[in-house]
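Accompanying notes for the structure given below.
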Amino acid sequence: MRFIFKTHYAQDIVLAKHGGHWFWYGALMLLLLAAPWLFAEYWLAQMTLVLIYSIAGLGIMLLAGFTGLFSMGHAAFLGVGAYTHAVLTNMGVPFPLALACAAALSALVGVVVGLPALRVKGIYLGIATLSFGFIVEEVLARWESVTGGNAGIHIKKPNLFGWVLESGDQFYYLCLVITVAATLGILNLLRTPTGRAFVAIRDSEISAQSMGIHLAYYKTLSFSLSAALAGVAGALYAHNLQFISPDQFNILQSIDLLLMIVIGGVGSVHGAFLGAIFLISMPQLISMTKDYLPAAVGQAPGLQAFVYGVVLIAFVLFEPMGLYGRWLKVRTYLQMFPFYRKGMFKRQKSFQKSDRLK
Amino acid sequence: MLFLQLVISGVAQGCIYGLIAMGFVLIYKATETVSFAQGELMMLGAFCGLVCMTLLGFPYWLAILCAIVGMALFGVVLERTVIRPILGQPAFSVVMLTIGVGYVARGFITMLPGMGTDTQALPVPYKDQIWNVGALVLNVEHMAVIAATAVLCVALYALFRYSKLGIAMQAASQNQLAAYYMGIPVQRLNGIAWGLASGVAAIAGLLLAPITFVHANMGFIGLKAFPAAVVGGFGSLPGAIVGGLVIGIVESLSGFYLPDGFKDTAAYIVVLVMLMVKPNGLFGEKLRKKV
């Protein structure tokens with residue numbers, strides 16, 4: 001057990017609460033920095049993909065996990081970012097500028113989608129964003145003069161003011177830097193009044209409003225920040241694959257993003273990363289176990305969807321806090337050994353208040 | 001004449017959307033949760049019918065009956081095993097859960113050896129028949145959809161208006177707690193609502209199957225039924241059918257008169273406009289949440 005002796009108010013909001021945090025996150029950082037020497041190229045590429053999805057996951061976590069608005073069309077923002085970035089990069093715009101434009105345009109689109117979000121909530125918002133996602137996908141497919149239509153477009157290597165990132169290692173470091181920046185940004189945001197306002201809106205709109213929080217402003221802000229992060233992730237995603245087409249940003253991608261944060265753990269920054277690791281490693285695990293399964297099951301194309309579905313159902317039923325919640329339990333068990341009690345994380349049954357009350 | 005033709009095919013397509021949307025609405029009214037698995041339930045229903053007809057060799061009507069009853073039972077079991085344990089959790093959890101159910105259903109069907117990955121035609125007696133009424137060419141498959149939807153609407157109306165079960169369900173959907181105090185078994189009714197919704201979805205699947213084909217991804221049409229439900233007002237059964245018809249007709253007309261690409265997005269454009277203009281839908285009641 002560790003007891004933190006607080007001597008200063010600033011200790012309540014400091015990012016690293018104690019020496020253990022410094023040690024473990026430092027070790028993780030060192031591992032990530034040394035990764036190109038430690039892991040084979042294939043695994044490094046997978047780690048790059050994990051980092052990219054984590055950025056998108058942070059965005060959707062901010063929206064769904066901390067503001068309580070859930071978007072079923074987040075792949076659209078990913079797509080807007082990816083296409084903006086690809087078009088600008090191919091025109092010869094340097095990487096940071098193109099990335100900023102991609103984020104800005106995504107954020108702008110996020111504001112446009114966020115506006116109806118002020119009037120509708122819950123499932124209506126889900127359907128509005130779902131519809132928006134379909135429309136964006138169709139626009140990307142039809143606006144052939146810019147996006148190349150269903151044939152997709154290729155994208156050049158990232159160009160940092162004349163320094164072209166050719167190798168996978170360099171691109172990995174680029175993704176790492178952006179991910180760390182995004183993570184610190186989100187962590188910092190969450191301890192500012194803005195972040196607290198988001199959380200207040202998530203917990204109760206009415207009480208947030210009565211505390212003087214401007215709902216429209218903060219909801220739109222959350223949408224645009226989330227969309228901007230998705231746009232950044234989209235830009236990196238485009239570089240990673242070097243080829244993008246509209247069907248990479250369809251409804252299944254949106255659902256994958258949601259699945260990622262639910263499995264990672266809604267409402268925790270760690271969850272975005274754990275979910276991304278899950279999302280990227282799951283297909284690998286499935287293809288590894290394929291050989292041991294009977295051919296009829298192992299070779300079926302639907303196996304992945306089946307496993308995803310089962311895992312998703314299992315998490316919602318048995319571990320609603322996701323992988324991060326599971327880790328919290330394990331950690332508490334270890335910290336309190338042997339005094340852990342069964343009911344410590346008992347789910348409170350909070351009967352949903354009807355939205356239809358007169 | 002062409003216009004009328006387009007409207008009729010739009011109405012037929014709209015009936016399918018309406019039937020699936022009716023499933024959403026039934027479940028939403030009963031349990032205040034939204035099922036994203038409705039399209040997949042429809043797909044399962046179509047596959048059930050297909051298996052009964054081709055593999056088991058049942059006659060047409062028996063196969064239809066088996067598929068509908070089978071899916072209704074499946075719905076009840078589904079509610080009992082996965083939905084009921086998380087009632088009371090945030091709506092988001094239930095949405096993710098039903099998405100998971102949809103994934104499992106789709107994955108399961110594609111894993112069926114020999115039929116999962118192919119597209120099959122459902123052998124119905126009225127396949128490829130055409131009626132000529134004046135200058136109109138009526139596709140019997142479309143007519144069957146419209147007729148079956150009309151019959152189903154009347155049946156459901158009668159159920160909710162006259163039967164004890166229907167009245168109890170209305171009560172439970174208006175106020176669960178009060179209904180519970182009156183001795184209505186609310187949980188059992190939730191199960192029955194899921195069963196009804198699955199049965200209706202199976203009917204939609206069986207009606208749609210001759211028009212498109214039976215394949216594992218036909219459930220994605222369920223995503224177009226959401227706009228139908230919203231346009232009609234999410235909590236209203238007649239609204240679901242009207243919404244479905246609106247979406248179907250708009251889609252059919254825009255496919256012909258507007259440039260490419262509008263056919264697939266028409267439904268979503270309509271719903272976005274609807275949400276901006278009248279978020280409660282055509283038949284939705286105006287509600288405010290009390291603190």
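Brief remarks follow.
- When the test is whether a residue is within 14 Å of chain B (Cβ to nearest Cβ) and outside any strand (DSSP E or B), A:Glu137 passes it.
- Among residues of segment A:214-229, those that are over 10 Å from A:Thr67 (Cβ atoms) and either among the small types (Gly, Ala, Ser) or surrounded by fewer than 19 Cβ atoms within 10 Å (Cβ to Cβ) (or both), counted: 7
- Hey, A:Arg196 farther than 26 Å from A:Thr84 by Cβ, part of a helix (DSSP H, G or I), modelled with pLDDT of 90 or more and of a type outside the set (A, V, I, L, M, F, W, C) or not: yes
- Condition check for A:Gly26: free of Cβ contacts under 8 Å to residues at least 60 places away in the same chain, within 25 Å of A:Val177 (Cβ to Cβ), of a type outside the set (A, V, I, L, M, F, W, C) and part of a helix (DSSP H, G or I): yes
- So B:Ser252, is it among the hydroxyl-bearing types (Ser, Thr, Tyr) and away from chain A (no Cβ under 14 Å): yes
- Of the residues making up segment A:309-346, those that are closer than 18 Å to B:Gln89 by Cβ, free of Cβ contacts under 8 Å to residues at least 12 places away in the same chain and hydrophobic (A, V, I, L, M, F, W, C) are A:Ile313, A:Ala314, A:Leu317, A:Phe318.
- Which listed residue is closer than 26 Å to A:Glu137 by Cα, in a helix (DSSP H, G or I) and more than 11 Å from every other protein chain (Cβ to nearest Cβ), from B:Leu245, B:Leu223, B:Leu272, B:Leu206: B:Leu245
- The single condition among (1) without any contact (Cβ under 8 Å) to a residue 24 or more places away in the chain; (2) surrounded by 18 or more Cβ atoms within 10 Å (Cβ to Cβ); (3) closer than 18 Å to B:Ala229 by Cα; (4) not acidic (Asp, Glu) that A:Val139 does not meet is (3).
- With respect to the conditions (1) within 13 Å of another protein chain (Cβ to nearest Cβ); (2) surrounded by fewer than 19 Cβ atoms within 10 Å (Cβ to Cβ); (3) in a helix (DSSP H, G or I), B:Val231 falls short on a single one, namely (2).
- Of all residues making up segment B:90-120, the number that are of a type in the set (D, E, K, R) and facing chain A (nearest Cβ under 7 Å): 1
- Residues of segment B:246-285 classified as among the hydroxyl-bearing types (Ser, Thr, Tyr) and either farther than 14 Å from B:Leu223 by Cβ or in contact with a Lys or Arg (Cβ under 6 Å, 6 or more places away or on another chain) (or both), total: 3
- Within segment A:143-168, considering residues that are part of a strand (DSSP E or B) and touching a Pro at 6+ places or on another chain (Cβ under 8 Å), the one nearest to A:Pro96 (Cα to Cα): A:Leu160
- All helices (runs of 4 or more DSSP H) inside segment B:80-198 with 2 or more residues being touching a Leu at 6+ places or on another chain (Cβ under 8 Å): B:91-111, B:140-162, B:164-174
- When restricted to residues that are surrounded by fewer than 24 Cβ atoms within 10 Å (Cβ to Cβ) and of a type in the set (Val, Ile, Thr), segment A:69-88 contains 1.
- Failed criterion for A:Leu279 (all others in (1) in a helix (DSSP H, G or I); (2) under 20 Å from A:Leu190 (Cα atoms); (3) within 14 Å of chain B (Cβ to nearest Cβ) hold): (2)
- Tally of residues being within 19 Å of the chain's Cα centre (by Cα) and more than 14 Å from chain A (Cβ to nearest Cβ) across segment B:255-264: 0
- All positions within segment A:260-272 that are crowded, with 24+ Cβ neighbours inside 10 Å and part of a helix (DSSP H, G or I): A:Met260, A:Ile261, A:Val262, A:Ile263, A:Gly264, A:Gly271, A:Ala272
- Condition check for B:Gly219: farther than 19 Å from A:Gly133 by Cα and touching a helix residue (DSSP H, G or I) at 6+ places or on another chain (Cβ under 7 Å): no
- Single residue of segment B:194-227 satisfying the filter (crowded, with 24+ Cβ neighbours inside 10 Å and in contact with a Lys or Arg (Cβ under 8 Å, 6 or more places away or on another chain)) that is modelled with the lowest pLDDT: B:Ala216
- Extreme residue, surrounded by the fewest Cβ atoms within 10 Å (Cβ to Cβ), among residues of segment A:242-256 that are assigned to a helix (DSSP H, G or I) and either away from chain B (no Cβ under 12 Å) or polar (S, T, N, Q) (or both): A:Asp247
- Within segment A:204-231, the set of residues being of a type in the set (D, E, K, R) and within 22 Å of A:His74 (Cα to Cα) comprises A:Lys219 only.
- Residue among B:Leu65, B:Leu50 that is assigned to a helix (DSSP H, G or I), without any contact (Cβ under 8 Å) to a residue 40 or more places away in the chain, more than 14 Å from chain A (Cβ to nearest Cβ) and not acidic (Asp, Glu): B:Leu65
- Some residue of segment B:8-16 being within 14 Å of chain A (Cβ to nearest Cβ) and part of a helix (DSSP H, G or I): no
- Among (1) away from every other protein chain (no Cβ under 14 Å); (2) over 30 Å from A:Ala45 (Cα atoms); (3) among the aromatic types (Phe, Trp, Tyr) - the single one A:Phe132 does not satisfy: (1)
For (1) under 14 Å from the mean Cα position of the chain (by Cα); (2) within 29 Å of B:Arg161 (Cα to Cα); (3) touching a residue at least 12 places away in the same chain (Cβ under 8 Å), each residue gets a yes or a no:
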site	(1), (2), (3)
B:Leu208	yes, yes, yes
B:Ile211	no, no, yes
B:Leu223	yes, no, yes
B:Pro238	yes, yes, yes
B:Ile247	yes, yes, yes
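The values are calculated or read from the model by the stated rules, or taken from the named source; none is laboratory data. This structure is a prediction, so every number in the text was calculated from the model and none was measured. Backbone-built Cβ (ideal geometry, glycine too); neighbour counts: all protein chains shown.
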